[in-house]
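See below for the structure under consideration.
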Amino acid sequence: MAEFDSLTESFLSALRRGGGDISAACRAAVQVLPVQRAAIMIGERDVGVQPWCSSDEIAARVEAVQATVGEGPAVDAVATGVPVSVIDLTENCGRWPGFAAALAREPVSGAMTAMPLRLGAVRFGALDLYRVQPGRVDGTMISAGLHVADIITAHVSAGSDCAEHAGEWLRHPLTSASIHQAAGMVIAQRGVGAADAYATLRTYAVRQGISLAEAAERVLRRSVRFDNGSH
């Protein structure tokens, strides 16, 4: 347990140095784990798993792909509650065909492991850890990644007495307002529920090869509608 105590201290120190906000958590993970980038995804009702923070633009792009297609390592980690690893993002994503097809258009390579964020039996998100070189992840890395994921979970769920910035983390917006607004327009146009409206946006985005946010902007500009088969 001594190594976990040291890892906790190192992560919390890096978090404080980074300012203590949610984006600092991603950067702190990179500093204390043998990875080159990190991101956090949180599951939202009806919308699905959405990006919360990322350490850099490349990680952000992978997270955007997962959010758009609704599948990928983080989605599976949330669903199963166990770490999900990809040995090579350019070759080993066949179990998620939509994710693989969309990722092929991005300048992404290396390996990835999604660590579930768990609060008891509740799984509410994932810590995605990236390495620039492909390869299998070992047990030590899995254990360390899960420990950091547990620290992040504690900060998200704890009151301000336990984690100074927890309230700020919880208030951090997940899905952009434009996506929610676009979903509302789809609900009005099609007469469907919220879950179906977000699914409609996601399906359109995948077919067009654009992000969920870009699909929402098209709806808001009224350049695309979803009534009478007009899309």
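The values are calculated or read from the model by the stated rules, or taken from the named source; none is laboratory data. Being a predicted model, the structure only gives us computed values, none of them experimental. Ideal geometry is used to build each Cβ from the backbone, glycine not excepted, and the neighbour counts take in all protein chains shown. Quick note on the areas: whole protein, heavy atoms, side chains included, nothing else; ligands and nucleic acids left out. Shrake-Rupley method; radii C 1.70, N 1.55, O 1.52, S 1.80 Å.
Before moving on, here are some points about what is shown:
- For a modelled paramagnetic label at residue 106, 7 Å from Cα along Cα-to-Cβ, the residues of segment 187-211 in reach, with backbone nitrogen under 17 Å, are 202-203, 205-211.
- Accessible surface for segment 1-42, divided over its residues, is 46 Å² per residue with a 1.4 Å probe.
- Estimated vicinal HN-Hα couplings, Hz - segment 21-26 in sequence order (Karplus 6.51, -1.76, 1.60; Gly, Pro = x): 7, 5, 5, 5, 5, 5
- Accessible surface of the chain [probe 1.4 Å, protein heavy atoms]: carbon and sulfur percent: 50 percent
- Along the chain, counting only trypsin sites (Lys or Arg not before Pro) with a DSSP assignment other than H, G, I, E or B and at most 15 other Cβ atoms inside a 10 Å radius, the longest segment between sites is 137-220.
- Applying 1/(1 + (r/R0)^6) with r as the Cβ-Cβ distance of residue 208 and residue 8 and R0 = 45 angstrom yields a FRET efficiency of 0.55.
- Radius of gyration and Dmax over the Cα atoms of segment 4-125, both given in Å: 14.3, 41
- Over all other residues within a Cβ to Cβ distance under 13 Å of residue 30, the charged ones net out to +2, with Lys and Arg as +1 and Asp and Glu as -1.
- Karplus-derived HN-Hα couplings along segment 55-65 (A = 6.51, B = -1.76, C = 1.60, θ = phi - 60°), whole Hz, x at Gly and Pro: 7, 7, 5, 5, 4, 4, 5, 5, 5, 4, 5
- Among residues other than residue 189 with Cβ under 12 Å from its Cβ, the summed charge is +1 (Lys and Arg +1, Asp and Glu -1).
- Backbone N under 16 Å from the residue 190 label point (7 Å along Cα→Cβ), restricted to segment 65-94: 68-70
- Net charge of neighbours whose Cβ lies under 13 Å from the Cβ of residue 133, counting Lys and Arg as +1 and Asp and Glu as -1: +2
- For segment 188-196, Karplus couplings with θ = phi - 60° (6.51, -1.76, 1.60), whole Hz, Gly/Pro x: 5, 6, 9, x, 10, x, 4, 4, 5
- Accessible-area value, residue 96, 1.4 Å probe, nucleic acids and ligands omitted, Å²: 10 Å²
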